[in-house]
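Note sheet for the following structure.
Nothing in this text is a laboratory measurement; each read-out follows from the coordinates by a stated rule. These numbers come from a predicted model, not from an experiment. Reconstructed Cβ throughout: ideal geometry from the backbone, glycine too, with neighbour counts over all protein chains shown.
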Amino acid sequence: MTDPHALAESLRGLVDDPAALQHRLRTVIESVHTESFTGTALSGGVVATVDGLGALRSIEIATTTKRTTDNLTLGDAVTSAVHAAEQTARTALVSRVLESALTARYGAVIDAARIRRFLPD
């Protein structure tokens, strides 16, 4: 998983005021940390939820999935759902950090909608 603090450190040179950027990035990271991101497997029969930094919050397995799926397949599905949720959280974090850094640097000359076109979905 991408270390948000290392990412913030590498972006410090993008602005004239590194302390302001660091504060902005810390705010972004804290806001993403409070959000939930999900990943699914087995057509939604397994749902994993992680926070914005990838920490597992919950795993839900539908009753019909428990009854109709063998243990090995179910274990693989849980792993897949967790990985999908972590990837979604990671993408959101990186996109928001980059958007914040680019807006701080180029916000006066490029509007936010144009900046977002260059960020991962």
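Observations
- Integer Hz, Karplus 6.51/-1.76/1.60 couplings in order for segment 31-37, x for Gly and Pro: 5, 5, 4, 7, 7, 10, 10
- Length added when fully stretched, THR27-THR63, from 0.36 nm per residue minus Cα-Cα: 9.1 nm
- At R0 = 35 Å, FRET efficiency that the Cβ-Cβ distance of VAL94 and ALA19 yields, to 0.05: 0.95
- Contour minus Cα-Cα distance for THR40 and THR73 (0.36 nm per residue): 10.5 nm
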